[in-house]
Each structure stands twice: as C-alpha cells, then as structure tokens.
Amino acid sequence: MNLSSILVGLSFFSALVLLPCCTKVEEVSDNIEDKLPKSTLLRSISITTDKARYNPGDIVYFQADRAQKGLAIKYWHLGELLDIIPLSEDNWTWTLPNDDFKGYYVEVIGKNADGQIRTVGAVAVDASSDWTRFPRYGFLSKFGEMVTSGRIDAVLTNLKKYHINALQYYDWMYDHHHPLAGSVTKPDSDWPSIIGDINSLETIRSYIAKGHELNIASMWYDLCYGAMEWASEDGVSWEWAIYKDPSHNNRDYHPLSAPFRSNIYLMNPGNAQWLNYFSAQAQDVYKVFDFDGFHIDQLGYRGVRYDYSGAEVDVEKGFGAFISKMKQVSPDKKLAFNAVSLNGQKYIASAPSDFLYVELWDTRFSALAKVFSENRSLAPEKNTVIAGYVNYKQSGFFNTPAVLLTDAVIFAMGGAHIELGEHMLGNEYFPDASLEMDETLKNSLVSYYDFLTGYENILRDNVEPVNLTVSSDKVSISGFGPIKGSVNVLTRKVDGKIVVHLLNFKDAVHLDWRDDSRTQKEPNEIKEFDISVRTAKDVNKVWIASPDIDGGVPKQASFKSSGIKVSIMVPSLKYWTMIVIE
C-alpha cells in the first residue's frame, strides 16, 4: 500500500538513553501513544529506505514524502514490538540489530481527531548478509548507450522501493557460446545482442555499480548449452552437440527468424569438453564485469537426444554437471538455474545452485502448489523464485486482481515472483513492455513486497506445511485446491508458531493464475468473521497481518483458546490475510 507521511525524531540511541533501563517496550508504547496529540490533518505517508537489503548492524536511512508533527515510529520483528520513538521530521535513521537473516517492519502512527491510533505509513527492512537466503528477484533487459545514468538511477531506485535484491541481466551477452564481446584485455565497447539490439559495456557496468551501492546483486544470463551457427569458428566442436538422431545428421536447435542473428544450436551440457570451453568463457565474463553470479537457462524438455557417437544423452543430468562446473571454477559466485516446468529439477536442486527458479507454463493455481511441493521435497533449504507471466502476451494494462491474487498465492507458499524490472513482465521475452501497471497495481505491490520482506522469517525461513482443521460458521473455508467460491487455507509451522494463510477465492472467476483473458475480478472484502483452528497446545498470542491493510503491519487479534482449538476474529480479508498463532 502506498502510505505516505513521516517524521524524524530522535535517533535510536538517543531514544534509548531517554528511557528507564528496565521499562518494558509495551509500557513505553502505551506511554508514547497516550501522549500523541490528536490531529484533524492526519495524512498517510510513503516511506522509502536507502538500500534494498542491509547487513546486520547497518544503519538504515528512511525518507518520507512529507513531514507531520505528533507522530511516532514503531519497530517490529514479526509480532514483537522492539521499540517506539517519537517522530516529527521527514527523515530518520535506525541501527539494525546484529541478528542475521531477519525481516523487520517499521510503522509510523498518529492519533486522529477521535483519539484513535492510526497507521499512517509503513515499510519493511531485510537484514541479511546473503541475498540468496531470501531472493527477491527482478530483471533488466535494455542495455543500449541511450540508457543514461539518470535512467539507470531511476530504474534501480524504483526497484529498491520493492526491496528487489538481485537482478537477472536478460540477453546482455554477445553470442551464447561466447558471451563476452571482444577479449578480456580489450572488451568491445558495444555489441549486438542475439536479436540485434546494441548493448553497451558502459551501461552494463553502470547498472552493476549502481546496484551494488543499493545492495542489489547482478546476475549475468546465458543458456547452459547454446551456440550460434558460427560457433565452430570460435573453438566449439560440433562433436559436443546433441542430435535428434543417432547418426549425428540432425543437430538439435531452437529456430529463430530475423531479426535474430542466428538459430540456437544445443550442446550437451554434461560434455566435459563443452564444460571446459564454457567455464573459460564464464571466467572471462567475471574478469571484465563485476557480476555477482550466473543465471543459467535451458529451453525445456527436448525429447530423446543423442551425442555425436550415437549414444542417448541424459540432457537433464547434464544440468547438474554444468552447475557443478560453474561453481568449481568460480566458487564465490552465485548460481541459479531455470528448471522450466520443473524439467531436470532433481539434478538442479541437488547441485550447488543457490536457490531454485522455475519458469512455469502450466497456468493453473494447482500447478504452483505442485512446484513448491516438489522443490520442498528436493531441497527444503533452498527458496524458490517463480517466473510466471500474468496476462500472457496481452497489451495495454495488467489486470490488477490477477497479479495480486497470483502474488498472494506465491508469497504465501514461500516463494518470490520475478516480475519487476524496467517494466513488469508479460511474457518470456523480457524486453517486451506491451503491458503496463496502473497506479493501483504499482502502489499495491509496494505493500506486497513489504509484506514478503518484513515477514520473510515466517514465510520463507524453514517453514513446514502442517495439516490443521480450520473452519468458520460465516464463510466457506477449504484447503488449497484451490476451490472457487471459498476462502482457501494454507497452514504452516515455523519456529514454534502456527501460520494460517487465508486466500480469497470466494469471487474468483476462474482458477488460472495467468489470467490470459484478463477476466479475474477484484474480490469483495469479507469483514469480521470468526475462524476456528484445531491446536495441540494452549495459545498465548495471536496476531494478524495483511498486505491489503495498513501496509501489512502486525495487529493483535481477538481470540479465545480452549486448549484443543482457538477461535479467532478476523477483521478483514481482501486477497490475503495471514494469522500467526503463538
């Protein structure tokens, strides 16, 4: 939610020295809230941070789009209030705790004319020393000389607002088999991409450098087995290729017509000579560009294929060999590999990839559930990024309800969605900007990405599915199928907590996340309904949060616990409401 307002006040340290050493945070909260003046001009504010990700102990610089007097800042970790500080300016700082891999919410509050405390602004903060623990992946796709420094700053500053902590540099390279144009000692200043667009060395270096200032990592992109038709002139042997027949008469290739410069011919990704050749190419890339890692692609299942000698090739097994080789020659660089529709995932997940990435072509919500189930079984320690193109190959504006419902499901399942770059993705050719976000969608996604970031520890941090009975007398509730006409439920356990995700499919037109027809409609908000959750232990605390309400900040819930179940009052459900039982 694009909340707007802010105020600066005392620093974190100076606030602490004003408080008695043994005062409880809750008591301090009550004291400060009681002293806030009533205001007839209380206005929402938009808050930004100076970086997309922080290291533990870093200083966070906050900026609001306007100043108001008589406000206060609350610092949250999940449902725990860490501190509350008066605020009256439009900028301030906070020194992060030293704990690693933690998400925080920063809430700004004020008191309205009726004396009620209201949230006027909110933003999330991620304190993680390694971005791959909680990847929030975006992309870049335009690298020409006309991309000015002002444009680079604008693109990255916008992505920082969504806490995007890494970017895939789509089709930045020269030739698939020879990604670096020129040589290490004399790299070309510009070169044609595979489609003929001119890419600029200076533009790419500037994006990488500016990204690093904002703690946004840069991943270069290429296929694991791609070669142009002239690859033999650059030292590639066609004996390393894969073939459609055992007599090596028909090389496997991906056909591309003009303006593409060449078809893409496919090599055996597990061939030792190809691995040696391409690993040298990868090392040359790192010598010229300060990339943080390599985003590796494939073209999906190819059918039965053969090597030059006529032996059948296990192409998918070769994916694992390719990843291992890339990690061996560049151990400090991050690796992601696109398991297109889960093709080869068992080899990819067991190899030293740093997170899991799936480009999904099955358009059903149930297929999303399958991806997360499969990934969890193969590599529970690795988080998932979904590449899925909502409103596929349409033009005009994205259908906001489709995007928000899809992101709600992906985020609730513990994943991230690669969708944001210079524009929002509408198909697999990343430079295509035929679809635009309207202002409602832009603003809503700020709250959704705050939610993904601030609650990373209960969404994506060693979370396990758990079977619990959830019921309601007022609304129809079902387990995630999903099922139209009902509130679908996902139940999880993490760090001694039970998490219940309520996903609103009550008014869903269909069950396709991609919504090619752009007919998915905005759900009606469901207000004030009870749910009952079967629990094995007594409940001490329940809190609720939603990216659709007050920017996602946590709120204490009204509940009654009987020892075997807890009844909880849910104040509102639009697309997604999360309930945490402690």
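Screening THR363 against (1) surrounded by fewer than 18 Cβ atoms within 10 Å (Cβ to Cβ); (2) touching a residue at least 40 places away in the same chain (Cβ under 8 Å) leaves a single unmet condition, (1).
For the stretch 29-51, a residue qualifies if it is more than 24 Å from ILE549 (Cβ to Cβ) and outside any helix (DSSP H, G or I), and the qualifying residues are PRO37, ASP50, LYS51. Is it true that ARG492 is touching a helix residue (DSSP H, G or I) at 6+ places or on another chain (Cβ under 9 Å) and among the charged types (D, E, K, R)? Here the answer is yes, as ARG492 does meet what is asked.
Results for (1) in contact (Cβ under 8 Å) with a residue 40 or more places away in the chain; (2) closer than 30 Å to THR132 by Cα, shown as yes or no for each residue.
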| site | (1), (2) |
| --- | --- |
| ASN249 | no, no |
| LEU299 | yes, yes |
| ARG305 | yes, no |
| LYS325 | yes, yes |
| SER350 | no, yes |
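The set of residues from the stretch 493-529 being touching a residue at least 40 places away in the same chain (Cβ under 8 Å) and within 18 Å of GLU582 (Cα to Cα) comprises GLY496, LYS497, ILE498, VAL499, VAL500, HIS501, LEU502. Just one residue in the set PHE278, PHE319, PHE294, PHE260 is more than 17 Å from ASP175 (Cβ to Cβ) and in contact (Cβ under 8 Å) with a residue 24 or more places away in the chain; that residue is PHE319. Quick one: is ASN443 surrounded by fewer than 23 Cβ atoms within 10 Å (Cβ to Cβ), within 18 Å of LEU502 (Cα to Cα) and not hydroxyl-bearing (Ser, Thr, Tyr)? Spelling it out, it is not the case that ASN443 is surrounded by fewer than 23 Cβ atoms within 10 Å (Cβ to Cβ), within 18 Å of LEU502 (Cα to Cα) and not hydroxyl-bearing (Ser, Thr, Tyr). Quick one: which residue in ASN488, ASN467, ASN457 is assigned to a loop (DSSP other than H, G, I, E, B) and not hydroxyl-bearing (Ser, Thr, Tyr)? Selected residue: ASN467, the only one of ASN488, ASN467, ASN457 that is assigned to a loop (DSSP other than H, G, I, E, B) and not hydroxyl-bearing (Ser, Thr, Tyr). Return yes or no: is VAL553 over 30 Å from SER395 (Cα atoms), touching a residue at least 40 places away in the same chain (Cβ under 8 Å) and surrounded by 14 or more Cβ atoms within 10 Å (Cβ to Cβ)? Yes; evaluated as a whole, the condition is true for this residue.
Results for (1) farther than 30 Å from ASN165 by Cβ; (2) modelled with pLDDT of 95 or more; (3) touching a helix residue (DSSP H, G or I) at 6+ places or on another chain (Cβ under 7 Å), shown as yes or no for each residue.
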residue	(1), (2), (3)
PHE430	no, yes, no
LYS442	no, yes, no
ASP450	no, yes, yes
PHE480	no, yes, yes
VAL487	yes, yes, no
LYS506	yes, yes, no
PHE529	yes, yes, no
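Of all the residues in the stretch 61-106, those that are crowded, with 20+ Cβ neighbours inside 10 Å and of a type in the set (S, T, N, Q) number 1.
ALA387 meets each of the listed conditions (1) under 21 Å from ASP130 (Cβ atoms); (2) buried (at least 17 other Cβ atoms within 10 Å of the Cβ); (3) among the small types (Gly, Ala, Ser) apart from (1).
The values are calculated or read from the model by the stated rules, or taken from the named source; none is laboratory data. These numbers were taken from a predicted model, which means no experiment stands behind them. Note that each Cβ is placed from the backbone with ideal geometry, even for glycine, and that neighbours are counted across all protein chains shown.
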